[in-house]
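The next block holds one structure in the form of structure tokens; read it before the comments.
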Amino acid sequence: MPLRAPAGPGGDSDSAAPSADPRFVNGWLAAIVVAGIVLRLWQAGAKASLWLDEAALARNIVDRSFANLLGPLNYRQVAPAGYLLFERAAVLAFGRTEPVLRLLPLASGILALVLFAMLARRLLTPWTSVLAVWLFAAGVPFIFFSSNAKPYAVDVLAAVVIALTAAAPWTERNTRRAFAMGALGLLAWIADAAAFLLAGTGLALALMYARRRAPGHRDLAIIGALWVATAAPPVLLTLRNVSREDSLFLHRRWADAFMPLNPHEALRWGWDRMAEMVGGSGIWTLDGGLHYGQVWPAATILIVLGVVWFWRERRDALFVLAAPIAVAAGASLMRVYPFTERFVIFLLPALLLLMSAGIVQVSRIFRTNIAGAVVAAVLVGVSSRALVRTPPPQRQEHLRPVLATMAEQCRPGDTTYVYYGAGQAYLFYAPTFALPCGSHVISRCARGRPEMLREDFDALRGHSRIWIVVAHASKQRSEIDTLLRHVDAAGRRLARIGDDPDSDAEAYLYEMNDRAWSHTTTGVPAELRNDDAEWECSGPVRAR
């Protein structure tokens, strides 16, 4: 029988309601899980092109041997050793395609949903467990990153598996369960976030022991020894592979993601991080937020109320849910790990459980289930709106069909100029289409210096037909506009490929006029010059 949460002081737990029959609730849970799986398969079936960071990691996977994947990766990429080895084996077995590269994340996303339903059913009251599973099943980041070749979905799976194993009531001595808990250290081979999750869970188990000597000290010793034996090697390997240059770039790129030392500034920082994780009202799915928009302060209040409910009813489970959040924040304070966007997506399942538990506390505060039901309905509406705003299938930087059309239209003797933001994806896909366009040139990164794009293009003088391939340019559109003004003055545009402006991928074909080209002196607006932005030209934007 599924565990029931206890009723509150006023008998307001929804487990007391006739409609909370376990079979009825479990039927709703099953239906929502199926719907969530369909959403994930729908996104996966879109076969979206690899975006910049995915392509950079994929190029490491397809170009390197198994042994070389254990060393530092190119293009500022970092991923767990086991994840890389699995990806390499899958590519060798089934080919270098998007579905193959996303096979492990997709399996992780589906399994995480199933296990989250079990976790929610164990920790929450029946109907709030239904709410929590809906929030997870329809969550934009969980759907999108289940079809992403980066290992964020595996991080989420690790969070759910560890919480599910640790959050059940512990007895004073349970050696079999201690060994099962210790074996979870193996997750560090496929999930970077496992280090924070295990550290937080270890802290939670220590707090449980301090409260009531359960789990016993022998069980804690077994768990600790197994974690050192299984999790320490991949963590140390990852740390070894992060160069000093990688670390410097990380700290500058994500400067706002590290907690300030000043307490007042730290509170403001935490408020901004909640806005980022829960809010994120735009359509940029790569941010990893729930996209609940401007109601995120109310959702944050629900999380606080959920903490109150768990403290009263499920204190050990609260330790398990909250401790990894504290550890990740502490790592941010120590400048070890950025607490931001998709890097902390593994913390969202705990926040959803706390948010859902807050509904019960609302009912207790107002002494009626109606209050909780109204808030729950609003939350369902908010999460549904987020899904409608960014429905599957999402395609970020969808360059593959652009290159496929190019392959049909380009001629021998044509040359291709590749904007640096498209470099990684272009180099990954070009062999697939065997483009007959002759040579290609990948431009230098031009952050703050767009005249470099023009200089690299002018080096192609003498070619009559030139293709320009663009991707990952939505935030640097002024660079592209400056380049195209220069090319328009020196040639005639014959074609443009890419009808969807949201896909952030396009190509242009120009017929150049040498005489006009030699007299073209298109200037670069002074406001676009920023020498301080040159540091951004690192990592995946350097494809050559």
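The values are calculated or read from the model by the stated rules, or taken from the named source; none is laboratory data. What you see is a predicted model; the values in this text were computed from it and never measured. Cβ: placed from backbone, ideal geometry, glycine included. Neighbour counts: every protein chain shown. Ligands, DNA and RNA are stripped out before the accessible areas are found, and what is left, the full protein with its side chains, is counted by its heavy atoms. Shrake-Rupley method; radii C 1.70, N 1.55, O 1.52, S 1.80 Å.
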Legend entry - The lone exception for Glu265 - which of (1) farther than 16 Å from Phe339 by Cβ; (2) at pLDDT 95 or above it fails: (1)
Legend entry - Pair list, Cβ under 7 Å, 6 or more apart: region 120-148 residue under 13 Å from Val160 (Cβ atoms), other residue in a loop (DSSP other than H, G, I, E, B) and open to solvent by 10 Å² or more (accessible area, probe 1.4 Å): Arg121/Pro2; Arg122/Leu3; Arg122/Ala168; Leu123/Arg314
Inset, instruction - Could you list all residues from region 461-476 that are at pLDDT 90 or above and within 26 Å of Ala56 (Cα to Cα)? - result: Ile466, Trp467, Ile468, Val469, Val470, Ala471, His472, Ala473
Inset, instruction - Give the residues of region 236-252 that are of a type outside the set (S, T, N, Q) and in a loop (DSSP other than H, G, I, E, B), sorted by residue number. - result: Val242
Inset, instruction - Filter region 259-285 down to residues that are in contact with a Phe, Trp or Tyr (Cβ under 7 Å, 6 or more places away or on another chain) and open to solvent by less than 20 Å² (accessible area, probe 1.4 Å), then give me how many there are. - result: 3
Inset, instruction - May I ask you to list the residues in region 371-394 that are exposed (fewer than 15 other Cβ atoms within 10 Å of the Cβ) and hydroxyl-bearing (Ser, Thr, Tyr)? - result: Ser384
Legend entry - All positions within region 33-88 that are under 30 Å from Ser129 (Cβ atoms) and among the basic types (Lys, Arg): Arg40
Inset, instruction - Report, ordered by the first and then the second residue, all pairs with beta carbons closer than 9 Å, sequence separation of six or more or different chains, a first member in region 400-429 that is closer than 21 Å to Gly462 by Cβ and basic (Lys, Arg), and a second member that is open to solvent by less than 10 Å² (accessible area, probe 1.4 Å) and part of a loop (DSSP other than H, G, I, E, B). - result: Arg411/Cys437
Legend entry - Condition broken by Thr368, with the remaining ones in (1) over 30 Å from Glu479 (Cβ atoms); (2) of a type in the set (Ser, Thr, Tyr); (3) buried (at least 16 other Cβ atoms within 10 Å of the Cβ) satisfied: (3)
Legend entry - Some residue of region 187-200 being surrounded by fewer than 17 Cβ atoms within 10 Å (Cβ to Cβ) and part of a helix (DSSP H, G or I): no
Inset, instruction - Report, by residue number, each residue of region 58-73 that is under 18 Å from Tyr426 (Cβ atoms) and within 20 Å of the chain's Cα centre (by Cα). - result: Ala58, Arg59, Asn60, Ile61
Inset, instruction - Sort out which residues of region 490-544 are among the hydroxyl-bearing types (Ser, Thr, Tyr) and open to solvent by 80 Å² or more (accessible area, probe 1.4 Å), and write them in order of number. - result: Thr521
Legend entry - Selection status of Arg444, in contact with an Asp or Glu (Cβ under 7 Å, 6 or more places away or on another chain), surrounded by fewer than 23 Cβ atoms within 10 Å (Cβ to Cβ) and not in a helix (DSSP H, G or I): yes
Inset, instruction - May I ask you to list pairs of residues, at least six apart or on different chains, whose Cβ atoms are under 8 Å apart, with the first in region 162-190 being under 19 Å from Arg314 (Cβ atoms) and the second being surrounded by fewer than 16 Cβ atoms within 10 Å (Cβ to Cβ) and small (Gly, Ala, Ser)? - result: Thr165/Ala180
Inset, instruction - Identify the single condition in (1) open to solvent by 10 Å² or more (accessible area, probe 1.4 Å); (2) more than 32 Å from the chain's Cα centre (by Cα); (3) more than 22 Å from Pro525 (Cβ to Cβ) that Ala404 does not satisfy, given that it satisfies every other one. - result: (2)
Inset, instruction - Starting from region 515-532, keep only residues that are over 15 Å from Gln476 (Cα atoms) and part of a loop (DSSP other than H, G, I, E, B), then list their pairs with residues that are basic (Lys, Arg) and modelled with pLDDT under 80 whose Cβ atoms are within a distance under 7 Å, requiring at least 6 positions of separation or different chains. - result: none
Legend entry - Residues of region 18-35 satisfying the condition of being modelled with pLDDT of 85 or more and of a type in the set (D, E, K, R): Arg23
Inset, instruction - For region 450-481, enumerate the residues that are open to solvent by 10 Å² or more (accessible area, probe 1.4 Å), part of a helix (DSSP H, G or I) and of a type in the set (A, V, I, L, M, F, W, C). - result: Met452
Legend entry - Yes/no for Leu250 being free of Cβ contacts under 8 Å to residues at least 40 places away in the same chain and closer than 24 Å to Glu341 by Cβ: no
Legend entry - Test: residue in region 200-213 that is of a type in the set (Ser, Thr, Tyr), under 26 Å from Arg121 (Cα atoms) and modelled with pLDDT of 95 or more: yes
